[in-house]
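Input: a single structure, listed below in structure tokens.
Read-outs: derived from the displayed coordinates by stated rules, not from any lab. Quick caveat, the model's predicted, so the values are computed rather than measured. Using ideal geometry, Cβ is built from the backbone for each residue, glycine included, and neighbour counts are taken over all protein chains shown.
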Amino acid sequence: MEPYRLKLKEALEAIKNSELSPVELTEAVLSRIEAVDEKVKAYVTVTKEHALKRAHTLEGSNEALPLKGIPLAIKDNLCTEGIRTTCSSRILENFVPPYESTVTMRLLDAGYVLVGKTNLDEFAMGSSTENSGFFTTRNPWDTERVPGGSSGGSAAAVAADECIAAIGSDTGGSIRQPASYCGVVGLKPTYGRVSRFGLVAFASSLDQIGPITKTVEDAAILMNIIAGHDLRDSTSAEVECPDFTSTLGRDIKGLRAGIPKEYFSEGLDSEVEEAVKKAVSVLEQEGLEVEEISLPHTEYAVATYYILATSEASSNLARYDGVKYGLRVEAKSLLDMYLETRSKGFGQEVKRRIMLGTYALSAGYYDAYYRKAQQVRTLIKRDFEDAFKRVDVIITPTTPTVAFRIGEKIDDPLKMYLNDIYTISVNLAGIPAISVPCGFNSEGLPVGLQVIGRAFDEETILRVSHHYEQLTEWHKRRPEL
Ligand code: GLN
């Protein structure tokens, strides 16, 4: 097999047994990128020289490292010291961070090789990468379609074997939705599980970093490296981290799963519904106890999210003023300079969100919008708490449809926002969820199954999704490019 096709676990073993060297693997991945990225456009920056140098250094040391020589792709909203970090925004097009994010620092300490920074919707705002300030990434299963977003570059890179695994971020579905559209695995950890230090903030109370991988086991391996408390992120939780691989392989007999009826209603594509229901019955045959549940405030999730996320974004993005860093457009007065810089630097969707958020936070509207949304957020969180008194996991489709066509929704923000309907409640509640491949529709496009868990119980969703994966072949299919 071509080395770039290896799963993370397999690549680690091959390197450990000296069947493959870090340089060989890195070169294989880099030539794969050269061969297919023209079609896929997953990368904003390919760090070829850096990667080769790093692979040689690692090869020359006998230190045993848990990720030694593994080529990974990092979403371009995580700061990498000395390496351009753009957030796929014109305003940060030439921004080179003077520091490293905690997640990439931990990966460095573990011996990974950065092969490139992946495309995203500008500042992670979007569901298709069409909001990237540079270009749209293509879905490797059908290059006329979107890879999902906002971590579309990371998911497409994994699906196209342009990296061994990748890191993404998820504010309202940005790891799980693209993973689902690209037929790979995506895990959004519990809020606070992974440090956000050095992740360019979009909506700080919702953002979380996580892995996008070829298998569930690979996601667990990466979690063992990136998770854990960090003094530099005050919202990172002081909670012990388990060995995330330890529950893999345990059976699922006696575990209880809830199927929320609100997630199987209008707007759900019939082929997606069928694939998800089949997956549930496969798990039921394995001894999972399945029952219908209700998450009664689900219908308010999209509205709540788009008030809170835009409010936080309007505040977080105030820092791009042409003074501290990033783009600066000179003008005759300071105010004009701010105006020109922000008008030129931000794309349409980012501007829309800054305006919506500023409005929701402004005096006179704050109580009606921001405050109300915070209250509803609590109700949504309670829905999950109540459900988790009865069940151990909640199973849903990751998205209502398969990957849509490029251009199909871009002129209708509401349609685009509704695409997040099954993923955003999880961020509002702060709980973990994983998307795993659970089939293909009649056009050969991947469908994703979402498994949601209790706060800080990534182990159970990994266990259930891994068990499912072992029984099925979906994750073994690869797109032809
Ligand atoms: N699609 C959602 C949005 O546009 C979620 C994005 C994300 O998770 N970063 O906000």
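Tabulated results
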{"quantity": "Residue 294 paired with residue 477, simple spin-label distance in nm, labels 7 Å along Cα-to-beta-carbon", "calculated": "3.7 nm"}
{"quantity": "Pair residue 367, residue 109: separation of 7 Å Cα→Cβ label points (nm)", "calculated": "4.8 nm"}
{"quantity": "Estimated vicinal HN-Hα couplings, Hz - the stretch 26-35 in sequence order (Karplus 6.51, -1.76, 1.60; Gly, Pro = x)", "calculated": "5, 5, 5, 5, 5, 6, 4, 4, 4, 6"}
{"quantity": "Net lengthening on full extension, residue 243/residue 375 (0.36 nm per residue, minus Cα-Cα)", "calculated": "44.0 nm"}
{"quantity": "Given 278/351; 344/372; 351/372; 117/277; 7/277; 16/41, the pairs whose alpha carbons are separated by over 30 Å", "calculated": "278/351; 344/372; 117/277; 16/41"}
{"quantity": "Long-range amide H partners of residue 329 with built H, under 5 Å", "calculated": "341"}
{"quantity": "Beta bridge orientation in the chain: antiparallel %, DSSP, nearest 5", "calculated": "65 percent"}
{"quantity": "Listed peptides 342-349, 130-137, 217-224 by packing density, highest first (mean Cβ within 10 Å)", "calculated": "217-224, 130-137, 342-349"}
{"quantity": "Residue 414 versus residue 84: modelled label distance in nm, points set 7 Å from Cα along the beta carbon direction", "calculated": "3.9 nm"}
{"quantity": "Antiparallel bridges, percent of DSSP beta bridges restricted to the stretch 15-126 (to nearest 5)", "calculated": "40 percent"}
{"quantity": "The stretch 213-228 - phi-based ³J(HN,Hα) in whole Hz, Karplus 6.51/-1.76/1.60, Gly and Pro as x", "calculated": "9, 7, 9, 5, 4, 4, 5, 5, 4, 5, 4, 4, 8, 8, 7, x"}
{"quantity": "Residues whose placed amide H lies under 5 Å from that of residue 45, excluding near-sequence neighbours", "calculated": "117"}
{"quantity": "Derived scalar couplings ³J(HN,Hα) [the stretch 434-450; Karplus, 6.51 cos²θ - 1.76 cosθ + 1.60; whole Hz; x for Gly, Pro]", "calculated": "10, 10, 10, x, 9, x, 9, 7, 5, 8, x, 9, x, 10, x, 10, 9"}
{"quantity": "Contour excess over end-to-end distance, with Cα ends at residue 99 and residue 5 and 0.36 nm allotted per residue", "calculated": "30.7 nm"}
{"quantity": "Order of 440, 388 - criterion: other Cβ atoms within 10 Å of each residue's Cβ, fewest first", "calculated": "440, 388"}
{"quantity": "Dimensions in Å of the chain - Rg and Dmax from alpha carbons", "calculated": "21.0, 71"}
{"quantity": "Under 19 Å from residue 389, Cα to Cα: lysines that are on another chain or at least 8 residues apart", "calculated": "253, 261, 381"}
{"quantity": "Shape parameters for the stretch 215-303, alpha-carbon atoms, Rg then Dmax in Å", "calculated": "17.6, 47"}
{"quantity": "Extended-chain gain in nm, criterion 0.36 nm per residue less alpha-carbon gap, residue 334 and residue 251", "calculated": "23.5 nm"}
{"quantity": "The chain, helix-only ellipticity at 222 nm - DSSP H runs n ≥ 4, -39,500 (n - 2.57), divided by all residues, nearest 500", "calculated": "-11500 deg cm²/dmol"}
